Amino acid sequence: MPTYLTMKHAAAALFTLALGAAPACAQDQDDPSRLREGWGLLSEGSRMILEGLADEMQPFVDEQLVPFFTRLTDLIDDVALYELPEMLPNGDIIIRRREPLDPDAPDSEGSATDSPIDL
């Protein structure tokens, strides 16, 4: 099941719970202990919904996000070396280095002119 559908259902459930709690609060203004109990139940229900969402999203995080960020950190040494991403008029997104690399400086695999360009 797509994650966005699950999140929509959770948001709808939380909204419904909040709407249902409003009349209960108006009725129970005389009894603060019942009001605290109601808010406690609402809090517990919200916690259970969010834990369920987290459990459903865990495989996605493990299978897709973790490898993506691992690969990204392998490609980008230090984030401080780069400017913020910039979108060009044609839709391309570029991330410029703060200080350009010296094209004649050798890298870890040999000289910059010997290594093929990977597109």
request  = Would you mind checking which residues have amide H under 5 Å from TYR82's amide H? H placed 1.01 Å from N; only 5 or more apart, or other chain.
outcome  = ARG98
request  = Any chance you could run the full-extension gain for ARG36 through MET87? It's 0.36 nm times the residue separation minus the Cα-Cα distance, nm to one decimal.
outcome  = 13.3 nm
ask   = Want the number for ILE94 to ALA11: 0.36 nm per residue separation, take away the alpha-carbon distance, what's left?
value = 26.4 nm
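No value in this document is a laboratory result; all are computed from the given coordinates. Just so it is clear, the model here is predicted, and its values are computed rather than measured.
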